[in-house]
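> There's a structure below that I have some questions on.
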């Protein structure tokens, strides 16, 4: 049986998410309070559209919310998204609920109230900017396998804490390895006793989101 | 909201709260400034409660609750800073009484979970949402149901009188 996803509110976000979910084999139902938006969403292939307020139990019933695999609340109001998720979870036993959240201060509260995943744009953008700022001029990061694996290019300055050290002397997380060292026009496959020199560029392969802490450790920058 | 007005408001509240505690008046916070909240504020005040109303607009609230002398905190009642300023831990009761059911549901749960207030009443305009509360010890009151029941009760007594 096909997995089912319920998208509550939202228009542009619902449109793009519906595309992605259909591609991944979901049967998608969208609930929208605006009639013109409903008409446009109904143009999409494979999307069932229900016109109404997705925070009302009878509208969710009509949208066949019973035991959906995924319910995503995308309205612009935090209160509506919380109530929609709680209804889906408690009354309709949705397997997984996701709520969009504007106010980052309420992130922990929403998790506490039983929302499985809280998507706070402010939080995500902040952490993206932090990552960008941190990496700017330090390293180039290439995500592989939907970000599960990262390959980073890390230049080593004279002042870096690992300059002059041998590879085996560097304490890296087990998920991180130095795959290659670029030195001038040479590329060196490192061994335990290879010494890191200033000006080297390390090619770092890391899994499990360990790249940031590893790069911090290697460059000494935070 | 101007910071000056807010601080002034807080100052007034602290002073009044002291007074209230001296007279042993119960402190009640009402989130919302629409018609229902205004009526409730006036009744509670007449009963001798110390009332604080969190409303979006001071002018709008004063216009519908002209006899209410209570203090007003101007702002969004779902805002954490606003709730922190309301001294909720001192409140004997908090009433979530905006005209938006979902906002009332959010505020009631927020106040219970984050601020630890015990006695919370949420106004629910559409009683079908009550199931969200079932797991929580938040009391939901539906003015629609209560009015309907009152009218139905009146009808019964009118019929009885007529049949006598």
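> Of these, B:154, B:129, which one is within 14 Å of chain A (Cβ to nearest Cβ), part of a helix (DSSP H, G or I) and either over 14 Å from residue B:36 (Cβ atoms) or touching a helix residue (DSSP H, G or I) at 6+ places or on another chain (Cβ under 7 Å) (or both)? Spell out the reasoning first.
Numbers: B:154 fails: within 14 Å of chain A (Cβ to nearest Cβ).
After ruling out the rest, the residue left standing is B:129.
> OK, next. Take the stretch A:59-87 and flag every residue that is part of a helix (DSSP H, G or I), more than 9 Å from chain B (Cβ to nearest Cβ) and surrounded by fewer than 24 Cβ atoms within 10 Å (Cβ to Cβ).
Result: A:59, A:61, A:62.
> Also, quick follow-up: Residues B:43, B:30: which one is surrounded by fewer than 19 Cβ atoms within 10 Å (Cβ to Cβ) and either modelled with pLDDT of 90 or more or on the phi > 0 side of the Ramachandran plot (or both)?
Details: B:30 fails: surrounded by fewer than 19 Cβ atoms within 10 Å (Cβ to Cβ).
On inspection, the qualifying residue turns out to be B:43.
> I'd like to check which strands (runs of 3 or more DSSP E) are fully inside the stretch A:108-220 and have at least 2 residues that are at pLDDT 90 or above and over 30 Å from residue A:86 (Cβ atoms). Show your work before the answer.
Working: elements: A:117-120, A:140-144, A:149-155, A:176-183, A:186-188, A:201-207.
Strands (runs of 3 or more DSSP E) meeting the threshold: A:176-183, A:186-188, A:201-207.
> Let me ask something additional. Pick from A:44, A:113: which is away from every other protein chain (no Cβ under 13 Å) and either in contact with a strand residue (DSSP E or B) (Cβ under 8 Å, 6 or more places away or on another chain) or free of Cβ contacts under 8 Å to residues at least 60 places away in the same chain (or both)? Show your work before the answer.
Working: A:113 fails: away from every other protein chain (no Cβ under 13 Å).
Only one candidate qualifies: A:44.
> Is it the case, given these coordinates, that residue B:76 is over 13 Å from the mean Cα position of the chain (by Cα), within 14 Å of another protein chain (Cβ to nearest Cβ) and outside any helix (DSSP H, G or I)? Spell out how you get there, then give the answer.
Values: over 13 Å from the mean Cα position of the chain (by Cα): yes; within 14 Å of another protein chain (Cβ to nearest Cβ): yes; outside any helix (DSSP H, G or I): yes.
Criteria met by residue B:76.
> Have a look at A:87, A:100, A:70 and point out the one that is within 17 Å of the chain's Cα centre (by Cα) and within 18 Å of residue B:103 (Cα to Cα). Steps first, answer last, please.
Numbers: A:87 fails: within 17 Å of the chain's Cα centre (by Cα); A:70 fails: within 18 Å of residue B:103 (Cα to Cα).
The match here is A:100.
> So, in the stretch B:84-111, how many residues would count as being in a helix (DSSP H, G or I), within 11 Å of another protein chain (Cβ to nearest Cβ) and touching a helix residue (DSSP H, G or I) at 6+ places or on another chain (Cβ under 7 Å)?
As a first pass, look at the stretch B:84-111 and keep what is in a helix (DSSP H, G or I): B:84-85, B:88-90, B:101-111.
Adding the requirement that they be within 11 Å of another protein chain (Cβ to nearest Cβ) leaves B:84, B:101-111.
Next, from what is left, pick out any that are touching a helix residue (DSSP H, G or I) at 6+ places or on another chain (Cβ under 7 Å): B:101-103, B:105-106, B:110-111.
Looking only at that region, the number is 7.
The values are calculated or read from the model by the stated rules, or taken from the named source; none is laboratory data. Here the structure is a predicted model, which means the values were calculated and not measured. Note: ideal-geometry Cβ built from the backbone for every residue, glycine included; neighbour counts use all protein chains shown.
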